[in-house]
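Working notes, structure below.
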Amino acid sequence: EYMLFRKIAFVAVPLLFSSVAWADVGAPCCPFSDENLKENIKPLDHSLEKILKLKGVSYTWKEDKTGDVGLIAQDVEKVYPELVKTKGEIKQVDYQKLVAPLIEAVREQQNEINALKADVAQCARKAN
C-alpha cells in the first residue's frame, strides 16, 4: 500500500500544484530559479558526456508488479550526485533537475552537428 500511495502521490501532487490557481514560486511545480537567489553560478561542462553515461531502463515495481520506465538512482548518483536524495535507505532522483544538463547536452550535440555540416560543405566545395 505504501508504494502505491507514493506512486499516486507522485502523479497527483504535481498535477494539483501545476494549476495556475495553486502555482506559487518555489512550490513543487515551480522551484525557485531566480538569479538573485544564487551564487557561484557556473556553466555545466561535459553535459553530453555525462548524459550518455545515464541509462534509461524499463522495470517492474516489486510491490505491485506494474511496469514503469526511468533511471536507477544509484547510477544517476555516480554522474550527478546532487540530483539524488536519500530518505532512509531509499534513493530518489530529482528528475526536474535533469532538464539543465539535457539542454546543455543538446547544445553540445548541435555544435558538433554544425561543425560536421561545415566539414561536409567544405568537402563538397573541394570536390567541385
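The values are calculated or read from the model by the stated rules, or taken from the named source; none is laboratory data. What you see is a predicted model, and the numbers here were worked out from it, not measured in a lab. When we count neighbours, we look across all protein chains shown, and the Cβ atoms used for this are built from the backbone with ideal geometry, even at glycine. The area values use the complete protein model at the heavy-atom level, side chains included, leaving out ligands, DNA and RNA. Shrake-Rupley method; radii C 1.70, N 1.55, O 1.52, S 1.80 Å.
Here are some notes:
- Of everything listed in (1) open to solvent by 80 Å² or more (accessible area, probe 1.4 Å); (2) modelled with pLDDT of 95 or more, the single unmet condition for residue 59 is (1).
- Residue count for the range 89-117, restricted to those that are surrounded by 12 or more Cβ atoms within 10 Å (Cβ to Cβ) and of a type in the set (S, T, N, Q): 3.
- Test: residue in the range 25-44 that is open to solvent by less than 100 Å² (accessible area, probe 1.4 Å), within 16 Å of the chain's Cα centre (by Cα), under 20 Å from residue 99 (Cβ atoms) and modelled with pLDDT of 95 or more: yes
- Check on residue 49, open to solvent by 80 Å² or more (accessible area, probe 1.4 Å) and either modelled with pLDDT of 95 or more or under 26 Å from residue 108 (Cα atoms) (or both): yes
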